[in-house]
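The values are calculated or read from the model by the stated rules, or taken from the named source; none is laboratory data. These numbers come from a predicted model, not from an experiment. Positions of Cβ are generated from backbone atoms using ideal geometry, with glycine treated the same way; all protein chains shown enter the neighbour counts. Just so you know, the surface numbers come from the protein's heavy atoms only, side chains and all, with ligands and any DNA or RNA stripped out. Shrake-Rupley method; radii C 1.70, N 1.55, O 1.52, S 1.80 Å.
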Amino acid sequence: EAGVVQSPRYKIIEKKQPVAFWCNPISGHNTLYWYLQNLGQGPELLIRYENEEAVDDSQLPKDRFSAERLKGVDSTLKIQPAELGDSAVYLCASSLGTSNEQFFGPGTRLTVL
Amino acid sequence: GIQVEQSPPDLILQEGANSTLRCNFSDSVNNLQWFHQNPWGQLINLFYIPSGTKQNGRLSATTVATERYSLLYISSSQTTDSGVYFCAGRPNSGYALNFGKGTSLLVTP
């Protein structure tokens, strides 16, 4: 069974440019999460989806970040415009319901110059 | 959210040694998980252990939910065990995993 897939694995952009990350969760997992991991820290939740509905986006900086999960499967996280402080690893995770084990993708390492 | 404290923050072992990593939570949690983050950044699931004890090869974990802590045991460590070990728990009132800062393990030949 395939795990959580993310692309790209690495992205280098200049500040003020837009960037997008893509995630394909484990087949059948209705709950999808985007986490942010800064260097030397554990991941922190940005947004959680139940099917296509964003049910917890309180930690998402909505002035520059947006996310969507149009058909309740794949998800895209976008930053526009990117700032230097956005350099981090963006992790996608999925689970079968919110009460169950979460599985993480390999992450996208973003560097903003 | 809850506070998750992991100890020790750093650990250096010689190959073959045993170790115990600890995770304390400031409040009750569900869905307690242990992860190994390899040098490429991938978070690998080790244990899903809300309570009790589980074993998988050289690794085992014990969670005492009533006392809000969990332990990860690594026996006969190998160089491939190097990396950062995270514990994370979902608070009763939320759905996100709250992570600790991790234990950075280096196993030398």
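Things to note:
- Filtered residue count, segment A:21-50, keeping only those that are within 14 Å of chain B (Cβ to nearest Cβ) and in a loop (DSSP other than H, G, I, E, B): 9
- Only a single criterion out of (1) of a type outside the set (D, E, K, R); (2) in contact with a strand residue (DSSP E or B) (Cβ under 9 Å, 6 or more places away or on another chain); (3) farther than 18 Å from A:Leu110 by Cα is not satisfied by A:Ser27, namely (2).
- Any hit, segment B:63-78, residues being of a type outside the set (Val, Ile, Thr) and within 14 Å of chain A (Cβ to nearest Cβ): no
The rows are residues; the columns are (1) open to solvent by 20 Å² or more (accessible area, probe 1.4 Å); (2) in contact (Cβ under 8 Å) with a residue 24 or more places away in the chain; (3) more than 13 Å from chain B (Cβ to nearest Cβ); (4) among the charged types (D, E, K, R).
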residue	(1), (2), (3), (4)
A:Glu52	yes, no, yes, yes
A:Ala88	no, yes, no, no
A:Cys92	no, yes, no, no
A:Ser95	no, yes, no, no
A:Pro106	yes, yes, no, no
A:Leu110	no, yes, no, no
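- With respect to the conditions (1) within 19 Å of A:Ala2 (Cβ to Cβ); (2) open to solvent by less than 40 Å² (accessible area, probe 1.4 Å); (3) within 11 Å of another protein chain (Cβ to nearest Cβ), A:Gly72 falls short on a single one, namely (3).
- Residues of segment B:33-48 classified as open to solvent by less than 20 Å² (accessible area, probe 1.4 Å), more than 10 Å from chain A (Cβ to nearest Cβ) and modelled with pLDDT under 95, total: 0
- Residue tally, condition open to solvent by 20 Å² or more (accessible area, probe 1.4 Å), closer than 18 Å to A:Gln37 by Cα and assigned to a strand (DSSP E or B), over segment B:91-109: 3
- Count of residues meeting criterion [modelled with pLDDT of 95 or more and either over 13 Å from the mean Cα position of the chain (by Cα) or assigned to a helix (DSSP H, G or I) (or both)] in segment A:71-94: 8
- For segment A:51-70, the tally of residues that are aliphatic (A, V, I, L, M), over 10 Å from the mean Cα position of the chain (by Cα), part of a strand (DSSP E or B) and over 15 Å from A:Ser95 (Cβ atoms) stands at 1.
- Test: residue in segment B:88-104 that is facing chain A (nearest Cβ under 8 Å), touching a Pro at 6+ places or on another chain (Cβ under 7 Å) and hydrophobic (A, V, I, L, M, F, W, C): yes
- Here B:Thr80 does not qualify as surrounded by 18 or more Cβ atoms within 10 Å (Cβ to Cβ) and over 21 Å from A:Leu32 (Cα atoms).
- Failed item, numbered, when A:Val5 is tested on (1) aliphatic (A, V, I, L, M); (2) touching a strand residue (DSSP E or B) at 6+ places or on another chain (Cβ under 6 Å); (3) buried (at least 16 other Cβ atoms within 10 Å of the Cβ): (3)
- Sole residue being closer than 30 Å to B:Asn92 by Cβ, surrounded by 21 or more Cβ atoms within 10 Å (Cβ to Cβ) and within 11 Å of chain B (Cβ to nearest Cβ), chosen from A:Gln59, A:Gln102: A:Gln102
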